[in-house]
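Asker: First the structure, which I've put down as structure tokens, then a few questions once you've had a look.
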Amino acid sequence: MVRKLLAGAAIAAIAAAIALAWLSPDGLEAASWVAAVIGAAATVAAIVGWARRPPTLPVSTREQLEAARQLLADRVLRQWEEEARIRGLFSPDPLSVRWRLSGRDLMDHARHITAKGQLRFDGATDQVGAMVAVLRELRRSRLVVLGEAGTGKTTLALLLLRRLLLDREPAEPVPVLLTLSGWDRQAEAFRAWLTRRLAQDYPELHADEFGPTAVKDLVEGGHVLPILDGLDELPVQQRDRVVVALNSLLTDRDGFVLTCRTSEFRETVEENGAHVLSAAAVIEPEELSARKVTAYVTACLPPRPGGSWPELLRRLRDPHDVLHRTLDTALMVWLIRAVYIDRGLDPAPLLTAADAESARLHLLDHVVPAVTTAEPARGPFRSRRAWPARRVQRWLALLAAYLSACGTRDLAWWDLHDLLGRPRITAGLGLVSGLTAAVAGGAGWWAAGGGPGSALAAGAGLGLLVGTSIGLMLRAELGDVSLEDASDLLDDDAPVAPEAGTLRRFVLPGFTAAVALWAGIGTVGGCGIWAAGLLGRWWGAEAPPAGLAEGLARALAFGLPLLVAALLGTATVAWLRHARVPLHPLASTRWQRTLTLACAGPLLACCAAEGWLAERLVLGDLDGMGSALAGGATGGLPIAVIVCGYLVLTLVAWPAFVVARVQLALAGLLPWRLAAFLADMHRLGLLRQAGRLYQFRHAALQDRLGEAFDVP
């Protein structure tokens, strides 16, 4: 706080000194001299302070690593406790699903798993503390959770993570829940992938207080317990590579929790030749009994339910009844709660189901209207806006069909432009770039004294040049318009902040080389302009030739915007490589929007300067050296704008997202406020959050909704 007050006082004193000089008899000249002296002093002070700054430590200290581990534990606990509340896992209690050891053919030898004589791993979801105690007693804290779709594998993984964090001892690793769908074994080692995911999902770990290698040291030192969800969502060959990698790359102090469908895991272990996971206990859920399902549904109902509830409860107790065979998974129990119990509706339509499949489809078809028709309210459980139920069903169906067509469960907002294809997105980006350049260029022309008609014509010409050039460059293979989030597009295995030595060795020589190149090219170009003028005079041209000084001025002014653009572009890329991106999808969208607007400001200023200089040249108000400088800058500014605009559009995801969102909203396929819509669907429990990604709560819901659309 003291530093901020001192800084504010210094800025106020500088502004007052310049203002007083301005009001003096010498006016602008005195103010310019005062500003120049203050600027020179500030530059010298900054250089001296930078040179005297102590060098950055090459690795994080033990204290920094411990602080980073504690921060990670707190951040993960807050994130997934919020997810558990949204899922309603504690209202009133989790569904009691009993888990037991799987068959011996899917599991390693017992002596490799436990140090005790007999291996036991029994427990229930509503008593997850006992399961955590057994997990801690294993030799290597490795657990595989199997089960078919909707049996509660992810729910158990979330509850295990929460209990491990609540009861965590200081020396225990921090559990982190990740989806396996983003790991390509051929392209990236497991530890490198885990390090990259931690750096992306928890950017707070890059703070200076944790040192330069905190994320890497957390992974390499065994301080992270990865909870890997969704092995079954990978292709067959990829599943085999994951199992082989886990067996070959992990040490005796590395643990993990892995979830997978039983059939896919059996196929991986038995049919495709991959070995069982070394030293890992394997558990499966027991079949939900009629007593447990009835007890859970009864606990969610009033003490004396009316309507068709007594009949439904009676049929749930009958193991031969259709409804009992329908409500045999945790997913179906949640669906009946969401569709009927939470809305206070009578379940009479469910009693008319002819078979188990009809009952399942009935619940899946009604869950979206059920959870979206409630009045919006503040809080983690309710939507903050009133969305039309029919449109919500259509919007979610399109997103589900899109994900199914892409073969993924991860919904990334920066990839939604794939719904429209590259030509429409690049055309939209070119159009937006051209319109903004035209408005800024026309405004600059008009501000310089030009008429409305000429300003409109000048702006249109500049906009056509900028928009067409950027659109063609994006359309060609010069750039990749996948336009992922900046931290994903520019990530390294273990990104760290640049050290002072790196700046001295690369940045300063690079800057010097760029300035030398600009001066050299400007000199050559200026001599060429002067020589061309002499040749033109020799051939009888009427226009007087440009002097050597004017030629040099024109060439250097032409190259100066390109030099500044190259330096700023390099600095922007370096900054994006180490930028901290917020974890939440909505926050990352806003961060990208702010970044886009910050980059657009200087580009618009350049377009306005282009219009102003062009109008000055047309009026002939400038002559001699001024005309030469203005003419060179007028030619260099559009090229600098095009290069920088192209760089921004290929490194920042928000422009392509906005173009896609507008086109999809105009077609009625997605809402205008798409980011807010996805956030509300997450609060309602239809989507789950995984880092900056969204996923449908269950694959069965995504598959059922996706049947309404045919997305190529």
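The values are calculated or read from the model by the stated rules, or taken from the named source; none is laboratory data. This structure is a prediction, so every number in the text was calculated from the model and none was measured. Please note: Cβ atoms are built from the backbone with ideal geometry, for glycine as well, and neighbour counts cover all protein chains shown. Protein only, heavy atoms only, side chains kept; ligands, DNA and RNA dropped before computing areas. Shrake-Rupley method; radii C 1.70, N 1.55, O 1.52, S 1.80 Å.
Asker: Tell me whether the stretch 406-415 contains one or more residues that are at pLDDT 85 or above and in contact with a Leu (Cβ under 8 Å, 6 or more places away or on another chain). Before the answer, list the steps.
Answerer: If we filter the stretch 406-415 for residues that are at pLDDT 85 or above, which is where we start, we get 411.
Restricting the remaining residues to those that are in contact with a Leu (Cβ under 8 Å, 6 or more places away or on another chain) gives 411.
Scanning the stretch 406-415, I find at least one residue that is at pLDDT 85 or above and in contact with a Leu (Cβ under 8 Å, 6 or more places away or on another chain), so the answer is yes.
Asker: Moving on. Consider LEU313 against the criteria (1) at pLDDT 80 or above; (2) within 30 Å of ARG673 (Cβ to Cβ): it satisfies all of them except one. Which criterion is unmet?
Answerer: (2)
Asker: Considering only the stretch 660-697, state which residues are at pLDDT 80 or above and in a loop (DSSP other than H, G, I, E, B).
Answerer: Within the stretch 660-697, ALA667, GLY668, LEU669, LEU670, PRO671, TRP672, ARG673, LEU686 meet the criteria.
Asker: Working only within the stretch 655-674, note down all residues that are open to solvent by 30 Å² or more (accessible area, probe 1.4 Å) and in contact with a Leu (Cβ under 7 Å, 6 or more places away or on another chain).
Answerer: Residues satisfying the conditions are ARG661, GLN663, LEU669.
Results for (1) touching a Ser or Thr at 6+ places or on another chain (Cβ under 8 Å); (2) at pLDDT 85 or above; (3) surrounded by fewer than 16 Cβ atoms within 10 Å (Cβ to Cβ); (4) in a helix (DSSP H, G or I), shown as yes or no for each residue.
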position: THR426; (1), (2), (3), (4): no, yes, no, yes
position: GLY442; (1), (2), (3), (4): no, yes, no, yes
position: ASP488; (1), (2), (3), (4): no, no, no, yes
position: VAL496; (1), (2), (3), (4): yes, no, no, no
position: GLY501; (1), (2), (3), (4): no, no, yes, yes
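Asker: Here is a further query. Is it true that ALA73 is in contact with a Phe, Trp or Tyr (Cβ under 8 Å, 6 or more places away or on another chain), open to solvent by less than 50 Å² (accessible area, probe 1.4 Å) and within 30 Å of HIS206 (Cα to Cα)? Break it down stepwise before answering.
Answerer: Values: in contact with a Phe, Trp or Tyr (Cβ under 8 Å, 6 or more places away or on another chain): no; open to solvent by less than 50 Å² (accessible area, probe 1.4 Å): yes; within 30 Å of HIS206 (Cα to Cα): yes.
When the stated conditions are applied, ALA73 does not pass them.
Asker: Still on this structure, I have one more. Which numbered condition trips up VAL293, out of (1) modelled with pLDDT of 80 or more; (2) within 26 Å of LEU159 (Cα to Cα); (3) among the hydrophobic types (A, V, I, L, M, F, W, C)?
Answerer: Result: VAL293 fails condition (1) only.
Asker: Now a separate question. Given the conditions (1) open to solvent by 10 Å² or more (accessible area, probe 1.4 Å); (2) closer than 25 Å to LEU249 by Cβ, and given that THR195 satisfies all but one, which numbered condition is not satisfied?
Answerer: (1)
Asker: OK, next. For GLU188, are the conditions met, namely being at pLDDT below 85 and outside any helix (DSSP H, G or I)? Before you say what the answer is, go through the steps one by one.
Answerer: Working: at pLDDT below 85: yes; outside any helix (DSSP H, G or I): yes.
Judged against the criteria, GLU188 is a match.
Asker: Can you give me the number of residues within the stretch 227-250 that are surrounded by fewer than 21 Cβ atoms within 10 Å (Cβ to Cβ) and β-branched (Val, Ile, Thr)?
Answerer: Matching residues across the stretch 227-250 total 2.
Asker: In addition: Looking at the structure I just gave you, is VAL224 touching a Leu at 6+ places or on another chain (Cβ under 7 Å) and open to solvent by less than 10 Å² (accessible area, probe 1.4 Å)? Spell out the reasoning first.
Answerer: On the way: touching a Leu at 6+ places or on another chain (Cβ under 7 Å): yes; open to solvent by less than 10 Å² (accessible area, probe 1.4 Å): no.
Criteria not met by VAL224.
Asker: Pairs needed: first member in the stretch 350-374, more than 22 Å from GLY307 (Cα to Cα); second member anywhere, surrounded by 21 or more Cβ atoms within 10 Å (Cβ to Cβ) and among the small types (Gly, Ala, Ser); C-beta distance under 9 Å; at least 6 residues apart or different chains.
Answerer: The qualifying pairs are THR372/SER383.
Asker: Let me confirm something: among ARG140, ARG136, ARG100, which residue is in a strand (DSSP E or B) and either over 32 Å from the mean Cα position of the chain (by Cα) or buried (at least 21 other Cβ atoms within 10 Å of the Cβ) (or both)? Even if it seems obvious, please write down each step before you answer.
Answerer: On the way: ARG140 fails: in a strand (DSSP E or B); ARG136 fails: in a strand (DSSP E or B).
Result: ARG100 is the single residue among ARG140, ARG136, ARG100 that is in a strand (DSSP E or B) and either over 32 Å from the mean Cα position of the chain (by Cα) or buried (at least 21 other Cβ atoms within 10 Å of the Cβ) (or both).
Asker: Can you go through ASP126, ASP93 and tell me which one is outside any loop (DSSP other than H, G, I, E, B), of a type in the set (Asp, Glu) and open to solvent by 30 Å² or more (accessible area, probe 1.4 Å)? Explain how you work it out, then say what you get.
Answerer: On the way: ASP93 fails: outside any loop (DSSP other than H, G, I, E, B).
When all the criteria are applied, what remains is ASP126.
Asker: Which pairs have Cβ atoms under 9 Å, sit 6 or more apart or on different chains, and link a residue in the stretch 274-292 that is farther than 30 Å from ARG317 by Cβ to one that is among the aromatic types (Phe, Trp, Tyr)?
Answerer: LEU277/PHE256; ALA280/PHE256; ALA281/PHE121; VAL282/PHE121; VAL282/PHE265
Asker: I've got another one for you. If a residue must be open to solvent by less than 50 Å² (accessible area, probe 1.4 Å) and modelled with pLDDT under 75, how many such residues does the stretch 353-373 contain?
Answerer: Qualifying residue count for the region: 0.
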